[in-house]
Structure formats: structure tokens, C-alpha cells
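Engineer: Encoded as C-alpha cells, here's the structure I'll be asking about.
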Amino acid sequence: MTGPTRKSLSHNLTKGMIRVQLVTLALFFGLILVAVFVLPVISGVRNVHPPDPNAVRIIEEALTYEPGGPLKFSQTPELRRLAAQYPDFWFIAVASDDSDATFGTFPPEAAALRTGLKEVVSLQVMLELESGSPTLLVRTINMPGGRVKVATGGGPTLVLPAIIQSLIFSLMVATFLVLAIASGIAIPRFIRREMKGLYAAAEAAGSIDVNQRGIRIPEADLPAEVQSLVHAVNEALERLDYAHSRREAFLARAAHELRTPIAILSARIETAEPFEGQQKLLADVTRLGELTNQLLDVQRLTLSDPVFVPVDLVELCAGVVADLAPLAIAAGYELELDAPEGPMMVDGDQGSLQRAVTNIVRNAINHAGNRGRITVTVSAPATITITDDGPGIPAGEEENIFEPFHRAKPSSEGAGLGLSLVQNIVNRHGATIAAGHSPTGGASFTITFPRSAEPAMLRQS
């Protein structure tokens, strides 16, 4: 049963920081800015109604002031609509030659400004009248005949608090969106940059292999909270490497020390006076010697760094067949080599490849029923196939037979190290090995080397 899917730390941090940023911005603009700035401004101008600038535009379109001519105006449709909508609308227009044009009934206070209107460029004042406090607006209009000063009032006005509210709201929304977008872009980039060291550490941790020594997780660019954990893991890896090295060294020394007494014991049994069970005892000692040699091979392969050189598979298999022919014939087999005339080269370690082929052939000698033929075939592009006529591999055991100390039949002879050693050697050469059945129903082992003559180990170094 699997637990709930957990999102990455980077995703959670990014989401959390953006959420906090947005909430903070909303609180700032919604509470602080409105309370400190917006409300006082709106309160201070709630009774101010500035004139609509469109009124000046309508007046300008109604006026005519050509060079050398007086200032005149005409009743345009827009001016009539404006006068009908605002009965108190009025304006005074004074040209540079003192000609003027007026419309509507303007208050005496506005008339008092008539004499000095030419000197005003722009003006907006409040007139205290009994009827209220209208706004007087003065603007300068550039026309073909010269500049015209226009004073107007009583027309359409703007609600200043609504304008301020609209402007401030627009500013708040725009600022909020800009900061939100910037946060959405900057925060993920910042998180990814800070998490770069964690990604590198995770990649290094994923590459740790039980058969490789000295691998450590990089501690650079890591947060202090994680760095202590990674440092502790590296120290644990170092202790494991040390313990593993001591164990391998002990096994290698133990296997090496066993070779001499086993050889002596085997020699004494062979030279002793014949006695009951002598051959059985000699066979047991021989298997004990094979197990010792296999342990030595395993440790030698683990502790040493193989040197890859061009290896001729035809010559290598011919040597193995020649060495094991007497043993195979004595056990009741025919041992033959099927190989091309010319060489077939691969890059590899001569000694370990020879041990791999030897172990497979010896496995056939031990388990093929002491009858039939054992064939070693070398074929293009770079393949070694070893078949026999024995009972074959039990169904479902094709993968398990390569596990250390695994035996297809519990009662069978051998310790189950030979094929495990073979797979280890094959893997170190970047090749593959497959177990199956021969055409006669016996066992079949096929080693296929990569098409490139360069082994995987060399390509990675």
C-alpha cells in the first residue's frame, strides 16, 4: 500500500512564498494604503466638483477667430445640448485684440475678472455665491487669429472623490499585478538556485553502487540544515567502505590460506594406500579447492582494477577447451570448439574473461549428466555460446542461477559461486549474459559483447 504522493520541497517552498507574498500585498493595499492615504484624501475633497474639461473643448469648437477678424461664436449642436442640460452654463471669451464673445448669464464676480482675463494663462477658483460655490475655470486656447482666453462655469463637473478612488484603485491593482507577476517569476528562480546543491546531492546519492568504493555526496552549495545530514551520510559511507574493505581483505587472506592445506590434503589422499571412500573423499576435497579458487577470484575481481587490452575470443576459447578437454573426457563428455578461422577481437581483461568461460564449461561438466557433447561456439559480431546435452535449467531458474550461492537443485554439487562470478565479469565488460536451453534440451549460456570494442567501464572513465 502506497502512501499519499508528496510534492517536492522546491514546489512547496515556491507555493508557500508566493501565497505569503500575495497575502501581504493584499493586506498592505487593502488596509494600510487605504487607511493612511485614500480616506483622508477623499474626506478632504468630498465637496469639490471641478469642471469637466470637455466644456472647454465644446466652447473652442463654437468659437471662430481668424487673423484680422473679430472673435465670434456659433450655436453648435453640442453647445446647444450643453446649454439645455445645464441652464446655468456660461462662458466669457476674450481675444488678443480685446474682442470678446459671451454666452449665458455669468455672475458679477466672474464679470469682475473680465478686465484682467487677458493676463491669465490658466486658473481654477471657487466663487462664494448665495446659490452655492461654483467653480470658475480659465483656460488659454490657441486659434488661427491668436490666443483666446476662456472663462467658464455652471457647466458639467467631475466628482473628484470618484476620480481619486478610481485612480488609486487602478494604481493598487496595477502595482499588485506587477508585484504578483514578479514574485511568480523571481521566487521559483530563487528557489531553484538555492536548491541546486540539493539536486546535485540527490543525483550523487542515486549513483551510489554497492560495488563501487569512495563515492561521496557533494556537500558544496547545501543549506546548513541539510549539510549536516549529508556530512553524516558521507561519514557513514566512509565507515562502510572501511568495513567492507576489511571484510574483503579477510576473505581474500582466508581463501589464500586455505589453498595450501587443501592442496596438501589432496596430495596426501591421492598418494595414500587405497582405502574405502578414497575417490569420494578426493572429489570432496577437489570441490573444496574449487570453492576456494572461486572465492579468490571474487575477491581478486573486486579488489583489483582490470586493465583492458585487445582480446581474441577465438584464441581465448580455444585455450579454455584445450585446458578442460581431459577433465571433460574423463567425465564422459565430448568437448568441442566451433569458431571462425580468423580472430574476433574485443577489449577486455584476458584473465577474467578466461575465468568466466572456464566456469561455464566446468558448470556444464558438473551438471550435464556425464554424457553428450559440450560445445563452445564463437560467432560474429562478438558472441560466445556454450551449450550441453544435459537436463537443462529448471523452468523459472534462468535468472536465479546467477545469484551468489544459489543452486537450481539443493542436492546438486557446487557452492553456487561460479555463475555469479561469471555475471560479475560480464557486467564489468559492458556485455550481457543470457541463460536458456540448447536445441537438445540442455543448458545454453550466451555472452554478447557490445558492438563497440570499447567496454562500458572504459567509456565511463
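Engineer: Filter the stretch 64-84 down to residues that are in contact with a strand residue (DSSP E or B) (Cβ under 9 Å, 6 or more places away or on another chain) and within 14 Å of GLY154 (Cα to Cα) and give me whichever is surrounded by the most Cβ atoms within 10 Å (Cβ to Cβ).
Structural biologist: So the residue we want is LEU79.
Engineer: Looking at the stretch 332-348 only, could you name the residues that are part of a loop (DSSP other than H, G, I, E, B) and more than 11 Å from LEU316 (Cβ to Cβ)? Quick ask: steps written out before the conclusion?
Structural biologist: Pass one, the stretch 332-348, residues part of a loop (DSSP other than H, G, I, E, B): 332-333, 339-344.
Across the stretch 332-348, the qualifying residues are GLY332, TYR333, PRO340, GLU341, GLY342.
Engineer: To continue, here is another question. Only residues in the stretch 90-112 that are under 17 Å from LEU137 (Cβ atoms) count as the first member; pair them with residues that are exposed (fewer than 14 other Cβ atoms within 10 Å of the Cβ) and among the polar types (S, T, N, Q), Cβ under 7 angstrom, at least 6 apart or cross-chain, and list the lot.
Structural biologist: That search, which allows pairs on different chains as well, returns TRP90/THR105.
Engineer: Being within 20 Å of THR286 (Cβ to Cβ) and hydroxyl-bearing (Ser, Thr, Tyr) is the filter here; which residues of the stretch 311-363 pass it?
Structural biologist: Result: TYR333, THR358.
Engineer: Conditions: (1) at pLDDT 70 or above; (2) exposed (fewer than 15 other Cβ atoms within 10 Å of the Cβ). PHE169 meets all but one. Number of the miss?
Structural biologist: Result: PHE169 passes all but (1).
Engineer: Mind checking which residues of the stretch 188-219 are modelled with pLDDT under 75, in a loop (DSSP other than H, G, I, E, B) and of a type outside the set (Asp, Glu)?
Structural biologist: MET195, SER207, ILE208, VAL210, ASN211, GLN212, ARG213, GLY214 - these are the residues of the stretch 188-219 that are modelled with pLDDT under 75, in a loop (DSSP other than H, G, I, E, B) and of a type outside the set (Asp, Glu).
Engineer: May I pose another question? Would you point out which residue out of PRO40, PRO67 is assigned by TED's automatic domain parsing to the domain that holds GLY145 and either part of a helix (DSSP H, G or I) or modelled with pLDDT of 80 or more (or both)?
Structural biologist: Numbers: PRO40 fails: assigned by TED's automatic domain parsing to the domain that holds GLY145.
Step by step, each of PRO40, PRO67 is checked, and only PRO67 is assigned by TED's automatic domain parsing to the domain that holds GLY145 and either part of a helix (DSSP H, G or I) or modelled with pLDDT of 80 or more (or both).
Engineer: Output the residue which, of all residues in the stretch 118-153 that are out of contact with any Pro (no Cβ under 9 Å at 6 or more places or on another chain) and part of a loop (DSSP other than H, G, I, E, B), is modelled with the highest pLDDT.
Structural biologist: Here is the first cut: in the stretch 118-153, the residues out of contact with any Pro (no Cβ under 9 Å at 6 or more places or on another chain) are 118-123, 125, 128, 130, 132-133, 138, 140-143, 147-151.
Next, only the ones that are part of a loop (DSSP other than H, G, I, E, B) stay: 120-122, 128, 130, 133.
Details: VAL120: 75, VAL121: 70, SER122: 69, GLU128: 53, GLU130: 49, SER133: 47.
The qualifying residue modelled with the highest pLDDT is VAL120.
Engineer: State whether the residues of the stretch 94-103 include one that is of a type in the set (Ser, Thr, Tyr) and part of a strand (DSSP E or B).
Structural biologist: Of the residues in the stretch 94-103, the ones of a type in the set (Ser, Thr, Tyr) are 96, 99, 102.
Narrowing the set further to residues that are part of a strand (DSSP E or B) leaves 102.
Checked against the condition, which is being of a type in the set (Ser, Thr, Tyr) and part of a strand (DSSP E or B), the stretch 94-103 yields at least one hit.
The values are calculated or read from the model by the stated rules, or taken from the named source; none is laboratory data. The model shown is predicted, which means the values in this text are computed figures rather than measured ones. Using ideal geometry, Cβ is built from the backbone for each residue, glycine included, and neighbour counts are taken over all protein chains shown.
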